[in-house]
Every structure is written in structure tokens, then in C-alpha cells.
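Let me begin by presenting the structure, written as C-alpha cells, before commenting on it.
Values in this text are rule-based calculations from the coordinates and carry no lab data. From a predicted model like this one, the values you see are computed outputs, not experimental measurements. Cβ atoms come from the backbone with ideal geometry, glycine included; neighbour counts cover every protein chain shown.
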Amino acid sequence: MKTTGNTILITGGGTGIGEALAHRFHDLGNTVIIAGRRMETLEKAIGDRPNIHALTFDQNDPASIAAFADTLVTDFPGFNVLFNSAGIMRMEGSLDTFRDLGDAEASVTSNLLGPIRLTNALIEHLVRQSDAVIVNVSSGLAFVPLVIAPTYSAIKAAIHNYTESLRAVLKGKVEVIELVPPAVRTSLTPGQQDNERFMPLDAFADQVMARFQQTPTPREILVEGVDFMRNAEAEGRFDDTLAAINPFLK
């Protein structure tokens, strides 16, 4: 993936990982579009930076996704890089919450169907672009689950497999990259932003950008520490790793 001269869409670009990467890619000389539900959040993320643009859409709503895709390719015909970064994380750590499927269904709609629908809406445009790229954000939890967030973990495993399939189908047409974050200090869940056991957001973004600037770009972007989860099963450490990230199971 070239790291300058792109027109990049980053969903969930108003906060957290999406915002940090929007700033980094903007600083390298890219046109960046950040997208999410709330314009005020997006505008705050833009600040006084030129050449970052904001568009609103609802990733849970197929009609909103379709209208958003039409607006995007009309207003930004040079759009060539899609970052599927938006998502929610809900905890389901008790029998009561397992039986109430509201959180699970909301997570599947937002975190799995949302990126699939958006990719589907934009793929015809992307295959016509030179240097086209799709980046899907999964998680270390795709490989070893957090058992109090089983649906989130399962969705990230699905995103991993979806990305593998896209890479095979789009070979020679669109470069497909998976970004696999560890636990990062963001506002994704309550208290996460201040958890000292998690990776600082700036350090995460710096390492991600360093890996994007490698030639060739790795098919999986893995920062320090996440390989502990990514390679757990292959290295015969799955049970120990599951226990390590879910210490309450002991």
C-alpha cells in the first residue's frame, strides 16, 4: 500500500483508533474522509486540519450505507482506500445477558454486517481504482476470546476470515490488509482509556504506521504484543493464553 497520495475513508474516524490513524495518514499527505454517526464528534476530530472531511452515516442501516456510498464516490471520485474501523463492544458476561440477545444482535449488525455491507456498496468503485486497498480492523480477540465479550470476539474472528476470503477473491485488483489491534487505551469500553495494562493509543498508532510503510506492506498489521494472541493456537499455547487474558476463569 502506498502511504501518500491516497483518498482514504476511515469509518469510526471520530474517536479512538480511527481518529489516530486519520491524523497519521493526513500528516503523510493523504486526503482523508472520516465517517460516523455524529457530525460534532467528527468535526472535533478534524480540528483545524485541512484536507480531512467528514461524512455521517449509520452503519446499522442498509439504506444509510447505500446513500453514503453514493455520496462518497460522487464527492470523492479518487477514493481508493477503505478502512473498516467503526464498531462497538458490549460485555455479555452473565447468564442474564447471554439470554438477552439485544447486545449480541446490535454487535453483529454494527461490527459484522456493517463492514460487509459497506464493502459491498463500494467494491465496484474500488476495483476501478489504481492502488485500491481495503483495510479491515479485527482484534487479537479474533484468535483468543475474551469470554465476557463472546459475540464481539466471535465477530472479530469472522472479520479475520472474511478478510482472508476478500484477499483471495480480489487478488490482483484490490490489496486487502488486516489490522489486528491488541487492547488499546481508547473509549471503546468504560475505563479502557485509563487502563495502564493496555497499549497507549499514540504508541499503537506509531507502530501501525511504521508497519504500513514497510515494503511490501504486511498482509496483517501486528504491533508489539498482539502476536501473543495471534499465534497462540499455532504455537500450542491456546489454553494458557485463554487463561492469561481471562484470569477470572481461575
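In table form, for the structure just shown:
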| read-out | value |
| --- | --- |
| Conditions (1) under 21 Å from residue 190 (Cα atoms); (2) over 19 Å from the mean Cα position of the chain (by Cα); (3) not aliphatic (A, V, I, L, M); number of the one not met by residue 41 | (2) |
| Long-range neighbours under 6 Å by Cβ, at least six apart or interchain, first residue free of Cβ contacts under 8 Å to residues at least 40 places away in the same chain and farther than 18 Å from residue 86 by Cβ within the range 135-155, second among the aromatic types (Phe, Trp, Tyr) and in a loop (DSSP other than H, G, I, E, B) | none |
| Members of the range 210-230 found to be assigned to a loop (DSSP other than H, G, I, E, B), touching a residue at least 24 places away in the same chain (Cβ under 8 Å) and farther than 12 Å from residue 180 by Cα, listed by number | 213, 217 |
| Conditions (1) outside any helix (DSSP H, G or I); (2) out of contact with any His (no Cβ under 8 Å at 6 or more places or on another chain); number of the one not met by residue 24 | (1) |
| Residue list for the range 188-204, restricted to those being out of contact with any strand residue (DSSP E or B) (no Cβ under 9 Å at 6 or more places or on another chain) and crowded, with 17+ Cβ neighbours inside 10 Å | 188 |
| Helices (runs of 4 or more DSSP H) enclosed by the range 102-187 - at least 2 residues per element that are in contact with a strand residue (DSSP E or B) (Cβ under 9 Å, 6 or more places away or on another chain) and surrounded by fewer than 23 Cβ atoms within 10 Å (Cβ to Cβ) | 114-126, 150-169 |
| Test: residue in the range 57-77 that is charged (D, E, K, R), outside any strand (DSSP E or B), touching an Asp or Glu at 6+ places or on another chain (Cβ under 9 Å) and closer than 22 Å to residue 110 by Cβ | no |
| Any chance residue 214 is in contact with a Ser or Thr (Cβ under 7 Å, 6 or more places away or on another chain) and surrounded by fewer than 17 Cβ atoms within 10 Å (Cβ to Cβ) | no |
| The range 6-25 residues that are closer than 18 Å to residue 119 by Cα and free of Cβ contacts under 8 Å to residues at least 40 places away in the same chain, paired with ones that are surrounded by fewer than 24 Cβ atoms within 10 Å (Cβ to Cβ) and of a type in the set (A, V, I, L, M, F, W, C) (beta carbon under 7 Å, 6 or more apart) | none |
| Every residue from the range 29-65 that is surrounded by fewer than 15 Cβ atoms within 10 Å (Cβ to Cβ), under 22 Å from residue 133 (Cβ atoms) and in contact with a helix residue (DSSP H, G or I) (Cβ under 9 Å, 6 or more places away or on another chain) | 49, 51 |
| The range 47-74 residues that are under 19 Å from residue 26 (Cα atoms), paired with ones that are among the polar types (S, T, N, Q) and exposed (fewer than 15 other Cβ atoms within 10 Å of the Cβ) (beta carbon under 9 Å, 6 or more apart) | 55/71 |
| Residue in the range 176-195 that is in contact (Cβ under 8 Å) with a residue 60 or more places away in the chain, more than 19 Å from residue 20 (Cα to Cα) and touching an Asp or Glu at 6+ places or on another chain (Cβ under 9 Å) present | no |
